[in-house]
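Below is one structure, written out as structure tokens; comments come after it.
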Amino acid sequence: MTKTGRMTLCSLALAVASALSLSSCQGKTEQKSAPSTPSEVQATGLPIALVRMDSVSSQYKFAQEVKEALEKDAIAHQTRLQGKSAAIQKAAADFERRMRINAFVSAEAQQAEQQKIIRMQQEGEALSAELSQKLAMKQQSLLQDVMTEIRAQLKEYNKDGRYKLILTQVGDNVLYADEALDITDDFIKYLNEHYTSSKASVAADSTAKKK
């Protein structure tokens, strides 16, 4: 994987992990497979739960598909930049070769060729900045779609109101929590049961239309 790809995946995982921290809501609509009341609530006696967001970002199918889409874009952008860089290097090498053998018919011709290479370099830098900006904007948009879906599903997951507070663990931001409070695996299972791949494609189409 390229450096750009790795940075994209790392930033996506971190952003997904840090964006969710909310109180749960009680609803009335019947859900597709309503989760039974976990034994953890009875064991602790506290209406509090904990979700490990690193696990959600790595195991939720929607988040996985978003990562794959961003990785493909990063690789495509890198390939395009490498092609541009190869063309510049070839032009520069040809310029140096012609310089060595005095192949330029005049100083003006030499200067014109040199300016051409400089323009190519400037275009390459501009292309790199443009592609980086597009990738960052797409990442932000898709991340928002993922977080919107997680929040909506969390409300449905907790619509019976058994939890009054759901905390997120991001790295070591939670100093201590009893394992009985951890609902991560159950919530991930719920997310994936209610996930359809069309959500990722719809999100991607929506992002494309905004460009």
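The values are calculated or read from the model by the stated rules, or taken from the named source; none is laboratory data. Model, not experiment: these values are computed from the prediction. Virtual Cβ from ideal backbone geometry, glycine too; neighbours counted across all protein chains shown. Ligands, DNA and RNA are excluded from the accessible area calculation, which covers all protein heavy atoms including side chains. Shrake-Rupley method; radii C 1.70, N 1.55, O 1.52, S 1.80 Å.
Test of understanding: among N158, N173, which residue is out of contact with any helix residue (DSSP H, G or I) (no Cβ under 8 Å at 6 or more places or on another chain) and crowded, with 18+ Cβ neighbours inside 10 Å? Full working, then the answer.
Numbers: N173 fails: crowded, with 18+ Cβ neighbours inside 10 Å.
After applying the criteria, what remains is N158.
Tell me, please, whether a residue that is open to solvent by less than 20 Å² (accessible area, probe 1.4 Å), modelled with pLDDT of 95 or more and in a helix (DSSP H, G or I) can be found in the range 123-131.
Taking the range 123-131 as the starting set, the residues that turn out to be open to solvent by less than 20 Å² (accessible area, probe 1.4 Å) are 124, 131.
With the extra rule that they be modelled with pLDDT of 95 or more, the set shrinks to 124, 131.
This time we only want the ones that are in a helix (DSSP H, G or I), so: 124, 131.
So far as the range 123-131 goes, yes, one or more of its residues are open to solvent by less than 20 Å² (accessible area, probe 1.4 Å), modelled with pLDDT of 95 or more and in a helix (DSSP H, G or I).
Of the residues that sit in the range 43-69 and are more than 30 Å from L131 (Cβ to Cβ) and not hydrophobic (A, V, I, L, M, F, W, C), which one is surrounded by the most Cβ atoms within 10 Å (Cβ to Cβ)?
Initial filter on the range 43-69 (more than 30 Å from L131 (Cβ to Cβ)): 43-52, 55.
When the remaining residues are screened for being not hydrophobic (A, V, I, L, M, F, W, C), the result is 44-45, 47, 52, 55.
Working: T44: 14, G45: 8, P47: 14, R52: 22, S55: 16.
Within the range 43-69, the match that is surrounded by the most Cβ atoms within 10 Å (Cβ to Cβ) is R52.
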May I ask you to list pairs of residues, at least six apart or on different chains, whose Cβ atoms are under 8 Å apart, with the first in the range 78-106 being farther than 19 Å from R119 by Cβ and the second being among the small types (G, A, S) and surrounded by 11 or more Cβ atoms within 10 Å (Cβ to Cβ)?
Q78/G5; R97/A103
Picked from the range 70-89 (must be closer than 11 Å to L127 by Cα and among the charged types (D, E, K, R)), the residue surrounded by the most Cβ atoms within 10 Å (Cβ to Cβ) is K84
